[in-house]
């Protein structure tokens, strides 16, 4: 464990930037985004959530796999590879870190998604504990510790006033710590005491959050929830099928593979898709979910019932609250949980 004095932040970022592509949370025209160290925007380590989740680094919104062209009546193919440039993300929040565990479980099990793995392997993530809370946060419902050390991070930071407590978690984190040894400082006993006090303060703050009282464990079983059409119809009545919830969700991982062709060349690419769209999983004989009620049910059943049933009780939600903030008709997972519990 080390500590990083805040007046040394700029030196640390410059040192990292010498070896890696560094990305930081920056406020750009009122929107918080992870942007390159050299891009415009004001670095903001106080606001909790970026508009776009961390998944964009490891599972890009659009990614080309293959390019092809026709020459002399023959088709030539070129497989596109992932950039080998190393990157560091500084200031990711625990909910986004937790989302990486869920994405890893999807893309790194057999058969391994080689593109996702390549993006994960070239990145180092420095997390930052949440010293405050927003009205849309409910991460602890899904087992996220806002001041805890999650296994999908490489270095975990906690804001301790004049300094950040620096906890290297992975081998990559230890290597980065070694690179920064001239900037980081050894912790003392009083630093440890302050660190533990702040962790307790954060834990107490989040324990008082009303959304963390959601009774997720009282949702009914698969058959009971699935067949509760009265609730699903009531919820789906407002849905606009805009897909905003899936695009800002850090754990949604559905995608489509498309071909784009010009006169004599083209490419095959993967792009994010949404279960809220009427053409999602469209097949030659039609669509298995023909109504918006069925599509709304599929989205929330997957997160709250299907996924935990198949993955040792782990839910496909991290309580980040982005869907609460972005849904134009206020149809979010908190309202769904409350409906399913109340109407059991």
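Table: residues versus (1) outside the structural domain of residue 241 (by TED's automatic domain parsing); (2) in a helix (DSSP H, G or I); (3) under 21 Å from residue 63 (Cβ atoms).
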position: 277; (1), (2), (3): no, no, yes
position: 296; (1), (2), (3): no, yes, no
position: 304; (1), (2), (3): no, yes, no
position: 314; (1), (2), (3): no, no, no
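Scanning region 241-270 for residues that are over 19 Å from residue 325 (Cβ atoms), in a loop (DSSP other than H, G, I, E, B) and in contact with a helix residue (DSSP H, G or I) (Cβ under 9 Å, 6 or more places away or on another chain) turns up 253, 254. A single entry from 62, 83, 127 fulfils the requirement of being over 29 Å from residue 147 (Cα atoms) and either at pLDDT 95 or above or in the same structural domain as residue 309 (by TED's automatic domain parsing) (or both): 62.
Tell me, please, whether a residue that is within 19 Å of the chain's Cα centre (by Cα) and under 21 Å from residue 6 (Cα atoms) can be found in region 102-117. No.
Across region 187-220, the qualifying residues are those that are touching a residue at least 40 places away in the same chain (Cβ under 8 Å) and assigned to a loop (DSSP other than H, G, I, E, B), and the one among them that is nearest to residue 1 (Cα to Cα) is 187. When region 302-329 is filtered for residues that are touching a residue at least 40 places away in the same chain (Cβ under 8 Å) and surrounded by fewer than 18 Cβ atoms within 10 Å (Cβ to Cβ), the ones remaining, listed by number, are 306, 309, 311, 314, 325, 326, 328, 329. Here residue 281 qualifies as at pLDDT below 90 and within 25 Å of the chain's Cα centre (by Cα). Here region 154-186 is the region considered, the condition is being part of a loop (DSSP other than H, G, I, E, B) and touching a helix residue (DSSP H, G or I) at 6+ places or on another chain (Cβ under 7 Å), and the residue that is nearest to residue 20 (Cα to Cα) is 180. Number of residues in region 1-27 that are over 20 Å from the mean Cα position of the chain (by Cα) and either at positive phi or not in a helix (DSSP H, G or I) (or both) equals 6.
The values are calculated or read from the model by the stated rules, or taken from the named source; none is laboratory data. Predicted model, so just to flag it, every value in this text is computed and none were measured. Counting neighbours? That spans all protein chains shown, and the Cβs are built from the backbone with ideal geometry, glycine included.
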